[in-house]
Amino acid sequence: MASTALILGATGGFGGEMAKALHAHGWQIRALNRNPKAAARQMDDMPFIDWVKGDAMRAGDVREAAEGVDVIVHGVNPPGYRNWAGTVVPMIANTIAAAKATGARILFPGTVYNYGPDAFPLIREASPQNPKTKKGKLRVEMERRLRVASEEGVPVLILRAGDFFGGRNGGNNWFAQGLVKPGKKLRSVAYPGPHHVGHNWAYLPDMAETAARLLLRGGELEPLAVFNFGGHWLEQGIEMADAIRYAARNPDLPVKRLPWFALTLLSPFVETFREMREMRYLWKKPVRLDNTKLVAFLGHEPHTPLDIAVRATLVDLGCIDAAPAAAHGYVSPSLIAKGTIQ
């Protein structure tokens, strides 16, 4: 019989990509949503999803939806970074309770928010988690609860990654909220950090495929299995802006500084800006994830070339049309130097 996954947050970036990746590997997909009919319309390209009405904030709803599943994908987050303190801990508690009751494994997407400067620049699975931000402390608390659950018989898989981009619904991330404007044609690119500081990016389709391959070998995983996803490490962080220029076929596209000053002024009134401002420290210093353990386990890490990943992301966000990028003849020098484009 095929394995079954319950996805919390299937209309989001990570959850949606996990639905596609697991389905491609033969899994049955169930998803919890407060409005299943609207979710099914939004995700009409995924008719294989069995939508169940419920709320991740309600323990009974999660428990009922998890009946008979093998894995619970905890991909749910408050949109726009809003009200983290009031939502993320109760939701992970509900997922843990449902997994205990049903015997399911929990898949959790980890982030670098857990870490403070003492863990930089190279983060390994065992690096100390001493965050300096409220959101980072919440992430540490979520993972602490997962660790305790693993000691009580709930198998847990944490796949940690850098900043997300791409995917079916990948709009709730730094790429879409900081660098470009979804739904609007590119007129410029905003970059949040110093150009020379390296940055780690995770293309969600690659991350989801990696998680799916790890789950296929669930019998070999530790009770608490933690892996770092390497993704795209850009030694010069500004290379992401260069990749966007290449995708837009416009080498002269202006690259501007993210207006941190304006975000600071507006942060008392706009919660999203306040949460974004708190993460500024991750742009000031290089923060790279070491994926040695993952590569040793899987043999390799699924990896889409940066130019292809960025172009697909911009098309999905409505920032460029789908015409072939090569037609213009412009090739990013940094991408050539990295061997991404031959």
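Here the simple spin-label model places points 7 Å from the Cα toward Cβ, and for Glu64 and Glu220 these points are separated by 4.0 nm.
Across segment 194-202, coupling constants 3J(HN,Hα) worked out from phi with the 6.51/-1.76/1.60 Karplus curve, θ = phi - 60°, read x, 4, 8, 7, x, 8, 9, 10, 10 Hz, and Gly and Pro carry x. Computed on the Cα atoms alone, the convex hull of the chain gives a volume of 136 cubic angstrom per residue. Summary value for segment 131-242: 34 percent relative contact order, contacts being C-alpha pairs under 8 angstrom separated by 6+ residues. Kindly provide the helix-only [θ] at 222 nm of the chain, computed as the sum of -39,500 (n - 2.57) over DSSP H runs of four or more divided by all residues, to the nearest 500 deg cm²/dmol? Rounded to the nearest 500, the figure is -11000 deg cm²/dmol. Averaging over all projection directions, find the projected area of the Cα convex hull of segment 116-197 and quote it in nm² with one decimal place. Dividing the Cα hull surface by four gives the mean projection, 7.7 nm². For the chain, the relative contact order comes to 17 percent (Cα pairs under 8 Å, sequence separation of at least 6). Ranked from largest to smallest solvent-accessible area, with a 1.4 Å probe on the protein heavy atoms, Ser3, Ser150 come out as Ser3, Ser150.
Provide the FRET efficiency to the nearest 0.05 for the Ser3-Thr304 pair, computing r from the beta carbons and using R0 = 22 Å. The pair Ser3/Thr304 has a calculated efficiency of 0.30. Computed from phi, the 3J(HN,Hα) profile of segment 136-147 under the Karplus parametrisation 6.51, -1.76, 1.60 (θ = phi - 60°) reads x, 5, 5, 5, 5, 5, 4, 6, 4, 5, 5, 5 Hz, with x in place of Gly and Pro. With the charge dipole of the chain set up from +1 on Lys and Arg Cβ and -1 on Asp and Glu Cβ about the Cα centre, the Cα lying farthest toward the positive end among the listed residues Val69, Trp84, Ala59 is that of Trp84. Note that segment 1-98 presents 43 Å² accessible area per residue, ligands and nucleic acids not counted, probe 1.4 Å.
Cβ-Cβ distance of Asp290 and Glu141, R₀ of 30 Å, FRET efficiency by 1/(1 + (r/R0)^6): the value works out to about 0.80.
Just to confirm the number: angle between the C-alpha axis of helix 84-102 and the first principal axis of the chain, 0 to 90 degrees, nearest 10? Orientation of helix 84-102: about 40 degrees from the principal axis. Sequence-distant contacts, meaning Cα pairs under 8 Å at least 6 residues apart, place the relative contact order of segment 1-139 at 22 percent.
The values are calculated or read from the model by the stated rules, or taken from the named source; none is laboratory data. Since this is a predicted model, take the numbers as computed values, not measurements. A quick note on method: Cβ atoms are made from the backbone with ideal geometry, for glycine too, and the neighbour counts reach across all protein chains shown. To get the accessible areas, we keep the full protein, side chains included, count just its heavy atoms, and leave off ligands, DNA and RNA. Shrake-Rupley method; radii C 1.70, N 1.55, O 1.52, S 1.80 Å.
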